[in-house]
1. Can you check what the net charge comes to around Ala214, using other residues whose Cβ is under 11 Å from the Cβ of Ala214 (Lys, Arg +1; Asp, Glu -1)?
2. So for region 61-149, Kirkwood radius off the Cα pairs, Stokes-Einstein at 10 °C and 1.306 mPa s: how many µm² s⁻¹?
3. How high is the relative contact order of region 191-289, in percent, with contacts defined as C-alpha pairs under 8 Å that are six or more residues apart?
4. Subtract the Cα-Cα distance of Ala118 and Asp308 from 0.36 nm times their separation in residues, and report this length gain in nm to one decimal.
5. Order these by the 10 Å Cβ neighbour count, fewest first: Phe59, Phe104.
6. Mind sorting Glu207, Glu111, Glu168 by how few other Cβ atoms lie within 10 Å of their own Cβ, fewest first?
7. Expected output is a single nm value to one decimal: the length gained when fully extending between Val222 and Asp175, i.e. 0.36 nm times separation in residues minus the C-alpha distance. What is it?
8. Let's test the formula: R0 of 41 Å, r as the Cβ-Cβ distance of Asp42 and Arg136. What FRET efficiency results, to the nearest 0.05?
Amino acid sequence: MRGTQVPNYPERTHLTPQDYPAAAGRIAPYVRRTPVLRATVDGRPVSFKLEHLQVAGVFKIRGALNALLSASPAPAGVVTASGGNHGLGVATGARWLGIPATVFVPATVPEVKSRRIAAQGADVVKTGSVYADAERAARSFAAEHGRYYVHAYDDPAVAAGQGTAGLEIAADLPDCDVVAVPVGGGGLLTGVAGAVAPCPVVAVEPEGCPTLHAAVAAGEPVEVGADSVAASALGASRIGNLALAACQAYPVSLAMVDDGQILAARDRLWEEFRLAVEPAAATVFAAWLSGQVPGENPCLLLSGANADWIPALDQASRILSLSPVIAAPPPRGRPAAMRAPTASTQIVGFVPAAAAVLAAAVVAAVAAGSTPCARRMAAAFRAIHVSPAAVGCRPPSKCSKLQRSASGSMMIAAGSAAIPAATIAASA
């Protein structure tokens, strides 16, 4: 059976509308339905799809799981090549399903990603200096050992799984008129473009990893270099056939940002929203800030957060320069020199089970006659309003019957695996 489980899909140039709901139903027991953050930045409305809060810290778990769950027969072992994030998705899904996994990565993979892949129980093989080197070695290994190979992006099952994020955007933001996604090999672009059609999509690339721009110019996928702060996630050597076909089938426009714009956008996401994402995720915000994402109600998909993150050097230096000031107690009231807020926010989506249980624990403490500290904590939850809708929490766990809150407006489903949906409104 050597070599029989290395799939190719020459007949699949695009996905069907039925592929997306089928994938959503398949992976629902495992993944999170990530929330959407509505905001106003510099006087303009913008929404963020918070996929960096996804299981494994990246949207890639969606496609990896769909590929593993839809494989027939069920694979006895799985092999993939990755710059880091896809490998983490495959390793996580394989562990859940009890499938041995081997992940080939380039020697340049960030240590945080390599470490997290290994922590999921996968064998990590470092080879070559770029993703293309790892892919060649992984395909050879899969063919030799008869293992099922899951491509990082040019696989219909993977792309359909990534497209489930687009289904959620369409459902949660019915007024969205454009979606922006980061592009490396194009699996996310392929899936989201089909899932949200006819809504336009903006495909954003770093200047140093222009796989899609090069393919559109040439009329076919071509080899390009990978030299960017976002290369570990967006450093594919060429765009996938599926992504190029999606560009021809759906309303997709292209945008490009440089490393300086990416780092500035990442820092601003942290400073204004306390969203800590990796550089690849910040590309879409960089494109929006530079005027390359049109629309009255755009949604930017923040793809992942697998990086040992610190602010850029100029931001860190500025923060350090404040140390003599912040060592003293701050004055009462709002300092006259403080910059006026430039963003207002509203989160519409689902809270993680841990946060909901924490809220319930505080509520229970108050109900039992707790300390002033606990009462102050409970007051902080008065801004939380929970709707009757519910979302599955995986792995399943029973919830206590904690239904009372300080404001009487929060309820956690009793005796089930459901955690209520939440709408959280705040001002930045």
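Since every read-out is calculated from the coordinates, none of them should be taken as a lab result. Model, not experiment: these values are computed from the prediction. With ideal geometry, Cβ positions are generated from the backbone for all residues, glycine too; neighbour counts draw on all protein chains shown.
1. -2
2. Rounded, D is 127 µm²/s.
3. Contact order relative to length: 31 percent.
4. 66.8 nm
5. Phe104, Phe59
6. Glu111, Glu207, Glu168
7. 13.3 nm
8. That gives a FRET efficiency of 0.35.
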